[in-house]
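Quick notes on the structure that follows.
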Amino acid sequence: MGRRGPPPPPQDPRGQTDPRGGPSTAAYGTIAIRVQPADAEVSIDGENWRAPGGQERLVVDVAEGSHTVEIRKTGFRTYVTQVEVRRGESTPLNVSLREQ
C-alpha cells in the first residue's frame, strides 16, 4: 500500500482556506450593534447575544450575507431588521427601542 499524505486544510463554503489551516476569515464580516436601552435582548439569526459587561456595543462576527437581527425588551416594541454583511467589513446598527 502507498503512503498517504496529511488531509487537506479545512475549507469554508466558498472553497477558501486560511493559511493557518482553518476557514478563511475573509468570508466573514461583523455586525456592530448599539441598543437603547442597553439591557435589551439581541438575537442574530435566532441566536441570543449579549455584549460583555461595561461595553456599549455588541460586535459579532458572522458569515458574509443577509442576517436577521431582533431586539426586544419587555415594555418596548420589538425591532426586527435584515442586515447585509460584506466580507471583511463592519456593519453598524444603532437602535433605540420605542416604549409600547
Matching residues, region 75-89, being part of a strand (DSSP E or B) and not aliphatic (A, V, I, L, M)
Phe76, Tyr79, Thr81, Gln82, Glu84
Tally the residues that are closer than 17 Å to Gln36 by Cβ, open to solvent by 80 Å² or more (accessible area, probe 1.4 Å) and in contact (Cβ under 8 Å) with a residue 60 or more places away in the chain, restricting the search to region 76-100.
3
Of the residues in region 52-74, those that are outside any strand (DSSP E or B), closer than 18 Å to Val85 by Cβ and either open to solvent by less than 40 Å² (accessible area, probe 1.4 Å) or at pLDDT 95 or above (or both) come to Glu64
Sole exception among (1) closer than 16 Å to Thr30 by Cβ; (2) free of Cβ contacts under 8 Å to residues at least 40 places away in the same chain; (3) not acidic (Asp, Glu) for Lys73, by number:
(1)
Give me the residue from region 1-40 that is at pLDDT below 95, within 30 Å of Glu99 (Cβ to Cβ) and in contact with a Lys or Arg (Cβ under 8 Å, 6 or more places away or on another chain) and, out of that set, most open to solvent (accessible area, probe 1.4 Å).
Asp39
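The values are calculated or read from the model by the stated rules, or taken from the named source; none is laboratory data. For clarity, every value in this text was computed on a predicted model and none was experimentally measured. Counting neighbours? That spans all protein chains shown, and the Cβs are built from the backbone with ideal geometry, glycine included. Each accessible area value is taken on the protein alone, full model and side chains, heavy atoms only, with ligands, DNA and RNA left out. Shrake-Rupley method; radii C 1.70, N 1.55, O 1.52, S 1.80 Å.
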